[in-house]
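What follows is a single structure, written as structure tokens, with notes after it.
Just so you know, all these numbers are worked out from the coordinates, no wet-lab data involved. Fair warning: this is a prediction, and the values are worked out from it, not measured in the lab. Heads up, the Cβs are rebuilt from the backbone with ideal geometry, glycines too, and the neighbour counts pull from every protein chain shown.
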Amino acid sequence: GLCRSTALADGARERGQSPVLWFERVGDSPFSVVANVFGTRQRAAFAMGVPESELLAGWGRLGDKLYEPELVKGGPILDTVLAGADVDLARLPIPRHFAEDGGAYITNGILVAKNADNGVRNASFHRMQLKGRNLLGTSLHSRRHLWSYARRAQELGQDLPVVVIIGCHPLMTFGSGLWKGPIDTDEYNVAGGFLGGPLKVVHGPIGKVEIPIECEIALEGTICLGERGPEGPFAEFTGYASERSTEHVLRIDSILYRKDAIFQDIVPGISDEHTLLLAFPQEARLLRTLHQHHPNVTAVAYPKSGTCRFHAYVAVRNPAEGQARNIGITTLGDDLSLKLVVVVDDDVDVTKDFDVLWAMATRMQADSDMDLIRNAMGAVLDPSNRQGTTAKLIVDATRKTEPFPRRHTLPQEATARAHALLSGYKPR
């Protein structure tokens, strides 16, 4: 049946809420299930130990630190180890989330693989469809580092050993599964930086990719690069059931889990959790990139109206003539998925769609303030994608004429008085 967490998360979203959802019992499964852990920026900031206002800056600082993982002999993840004929993925409470989904999906699986040439580890999220007792279907459509690892292994005539991590410390999620950096940076080292010390890892019974000892559930397996199998459709962040897939086959050789393990699910589709996990890591990365070239950039946002993937808003203080275009070009170059970049002045709140659209309505002329780029590389999951390419649009919605009309304002005293009067008001 459909996953209750999806319906509950959607119902809460309609009421302006995004609570953590915990299911103590799910059918006959020995595992409890938690979902929507990352459903708010406040919780993401709490996990990092910073105020919500410092989420992006805090992320950027943590990404600078690297600690090599520490290999140990034991840990909680070895509490239960199943291998060979004992492997049965049906033990896990893997849910089907939407009516259009092709089956049950692991949505919170971090795939960890090693570069065949140098052993550098990459960690990234990928959807995984339950296909059998020891088989999963997955898609490497992002065309990023894991895709490159798979292509290199295939060139060498090899398959790709992997570990799937289901449930781990939030800072490991941030520092490995969501972190984006150079392909030659080991993402277990980055996870250590986020955690503030070496990530402790252990060998499982297969032993080809190390496993964090504190994760809830881990699967050792192999991406069989010479095989393909149907995968999908799946409810993606676009709000559509995507049938686009590389149709890779993942064979599972062992299942490991700690005592009282919790199966963590990410609510898929265009949910608060799914889109937030797409948004704030990329916002932090983009803000840092832009500051290197344009120190007067003050804020960035990936709005949910743009699926937190296809649109970006950038605020800049006192831009020089032509600078908005340069900012737009840098932004598009930083993220191939983007289709629209809107650059506004720093008096515009980029976290509010209304404010950005107001700036476009009052500070932009379509014949002179928009630049179109055709046939650029884009996101494969974009439903309007044309065989891998999309158009890109830069909109300069900054003030350009001098003198520009002043915005109307209220005296601070009047505003404070109004807030005090309204604080106890309850609408009838």
**Complete:** So, relative contact order of the chain in percent, Cα under 8 Å, 6 or more apart, is 15
**Other-chain or far-sequence residues with amide H under 5 Å of Val201's (modelled H)** = Glu70, Leu71, Val72, Ile213
**Request:** Treat the count of other C-beta atoms within 10 Å as a stand-in for reagent exposure and order Trp358, Trp179 from fewest to most.
**Result:** Trp358, Trp179
**Complete:** Taking a label point 7 Å from the Cα of Arg61 along Cα-to-Cβ, the residues of segment 167-194 whose backbone nitrogen sits under 20 Å from it are 170-176, 179-180, 190-194
**Item:** Packing-based exposure ordering (other Cβ within 10 Å, fewest first) of Tyr313, Tyr240
**Value:** Tyr240, Tyr313
**Complete:** In nm, the gap between the two label points placed 7 Å beyond Cα toward Cβ at Asn296 and Ile329 is 1.8
**Shape metrics for segment 4-269, restricted to C-alpha atoms - Rg then Dmax, Å** = 17.7, 53
**Message:** What lysines does Lys392 reach when the alpha-carbon gap must be under 19 Å and sequence neighbours fewer than 8 apart in one chain are set aside?
**Reply:** Lys304, Lys339
**Cut-off under 5 Å, modelled amide H: who pairs with Arg96 long-range** = Cys3, Tyr105
**Asked** Can you give the helix-only mean residue ellipticity at 222 nm for the chain, where every DSSP H stretch with n ≥ 4 adds -39500 (n - 2.57) and the sum goes over all residues, rounded to the nearest 500 deg cm²/dmol?
**Response** -7500 deg cm²/dmol
**Request:** Would you work out if segment 29-76 is rounded, prolate or oblate? Take a ≥ b ≥ c from the square roots of the eigenvalues of the alpha-carbon gyration tensor; rounded if a/c is under 1.5, else prolate when a/b is larger than b/c, oblate otherwise.
**Result:** oblate
**Prompt:** For segment 44-181, what is the largest minus smallest coordinate of the Cα atoms on each principal axis, given in angstrom and ordered from greatest to least?
**Reply:** 46, 39, 37
**Request:** In whole Hz, with x marking every Gly and Pro, tabulate ³J(HN,Hα) for segment 47-56 from phi via Karplus 6.51 cos²θ - 1.76 cosθ + 1.60, θ = phi - 60°.
**Result:** 4, 8, x, 10, x, 4, 5, 10, 4, 5
**Prompt:** Under 5 Å between amide H atoms, partner at least 5 residues away or on a different chain: which partners does Leu160 have, H built in plane at 1.01 Å?
**Reply:** Ile223, Leu225
**Item:** segment 294-397 pair-distance distribution - Cα-Cα, 10 Å bins, rounded %
**Value:** 16, 50, 30, 4
**Fill in**
Final fewest-first order of Glu52, Glu220, Glu210 on the 10 Å Cβ neighbour count is Glu52, Glu210, Glu220
**Prompt:** Mind checking which lysines have their C-alpha under 27 Å from Lys200, skipping anything on the same chain fewer than 8 residues away?
**Reply:** Lys65, Lys73, Lys114, Lys180, Lys208, Lys259
